[in-house]
Amino acid sequence: MTGPGPDQPNVVGSEPLDVVIIGGSQAGLGMAWHLAQQQRRFVVLEAAGELGHAWRSRWDSLRLFTAAQYDSLPGLRFPAQADTYPTKDAVADYLQAYATTFDLPVLLNARVRQLRRLGDQFEVRAGDQTWRSRQVVVATGPFQVPFIPPPAQQLDASVSQLHSADYRNPPALPDGPVLVVGAGNSGLQIAEELAATRRVAVAMGERPPMLPQRLFGKDLFWWLTGLRLMRVNTGSRLGRRVQERGEFIIGTSRRRLRQGGVAFRPRLVDARGHTVHFDDGSQLDVRVVIWATGYQSDYAWLDIPGVVREGQVIHHRGVTAVPGLYFLGLSWQHTRGSALLGFVNDDAAYLADRIADHNTTAPAPADAPNTAG
């Protein structure tokens, strides 16, 4: 007997699943726990060859800025002492242990290349296999494709360039001063590490608010949760104002960085050869550049019209206008904590209820969508 032809799907199982979860990091696994409690028939499709790969592939010294007591997924406490800050490898180990503890049906090396609607069901293709399901949760998160701005293409080939996603440690870089472009949490943490052994400059377009890691002896998230600031949502005036302020920096201060030798430059606007230009008219010769410029979404595989508009998912609390299609783990999906390890459960529980009811809430109005990308 021969297998299916190139255009014929190799369908797994004779009956459609209740749910397919796309993405096996914290959002996908948290969602899987809820579906397991409901005794749903589901599978988690993870593109990488191991759980926690997205964490293990970050820079060596990375630690969470949320203390261990705020890093648990539903049903299993994070195995670390309170008020300690887990390493990236500890998070990856936890995700692997989580899937094992609850015997979650995770399939590795299953990068989804197409999701489409097929009648009243969904068809999910990954590799040479196809799953059909009544509902789908896209849990690929907000950090998908590293973004490097156009000026990078104008730099000479002898300039060493990499995105912060590819940075590992100071010895892995060529000798000499470094320009870090971007002053978010990642950019400033990398700059502080590099400043111990070399000259570092940071190009920053904005001055995001900075918050201390601890305040009056308590972890920052003790205050944020106690004051219910982690629960302000996109439907409230305060939530919208906080969201508009953008990312805030935790545990790092510009004053400390300056004392450590880091020089701050304005927004980078252009580059030619070995020289970068800033928006105040100044310039700097560079030999090593780290682009800490964030990520873009990649939904090229999502073959369902009307779900993504200009790179943004159109949804209300993760529920799309397509019955049975949900998103989880997006930045500000509903609250500040929607994309954070220990806070994604609120959104997962909400979607689990929608799945259990076989119901969808109405999408946000077309002229004011609740979007995230």
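The values are calculated or read from the model by the stated rules, or taken from the named source; none is laboratory data. Because the structure is predicted, anything quoted here is derived from the model rather than measured. Note that we place each Cβ from the backbone using ideal geometry, even for glycine, and neighbour counts take in every protein chain shown.
Looking at Asp156, Asp175, Asp166, which one is under 21 Å from Trp55 (Cα atoms), surrounded by fewer than 17 Cβ atoms within 10 Å (Cβ to Cβ), assigned by TED's automatic domain parsing to the domain that holds Arg267 and not small (Gly, Ala, Ser)? Within the list Asp156, Asp175, Asp166, the selection yields Asp166.
Give the residue that is nearest to Leu341 (Cα to Cα), with candidates limited to residues of the range 225-263 that are hydrophobic (A, V, I, L, M, F, W, C) and under 21 Å from the mean Cα position of the chain (by Cα). Result: Met230.
Taking the criterion of being at pLDDT 95 or above and charged (D, E, K, R), the residues of the range 147-197 that qualify are Asp156, Asp166, Arg168, Glu192, Glu193. Among the residues of the range 33-84, the ones that are in contact with a Gly (Cβ under 8 Å, 6 or more places away or on another chain) and among the charged types (D, E, K, R) come to 2 in all.
Of everything in the range 242-292, what is among the polar types (S, T, N, Q) and in contact with a Gly (Cβ under 8 Å, 6 or more places away or on another chain)? Give them in sequence order.
The answer is none; no residue qualifies.
For the structure I just gave you, tell me whether Ala356 is of a type in the set (A, V, I, L, M), modelled with pLDDT under 95 and over 24 Å from Ala183 (Cα atoms). Taking the combined requirement at face value, the residue satisfies it.
Within the set Asp120, Asp93, the sole residue that is under 19 Å from Tyr326 (Cα atoms), acidic (Asp, Glu) and out of contact with any strand residue (DSSP E or B) (no Cβ under 7 Å at 6 or more places or on another chain) turns out to be Asp120. Name the residues in the range 299-332 that are assigned to a strand (DSSP E or B) and of a type in the set (Asp, Glu), would you? If the condition is that a residue be assigned to a strand (DSSP E or B) and of a type in the set (Asp, Glu), then Asp303 is the only one that fits.
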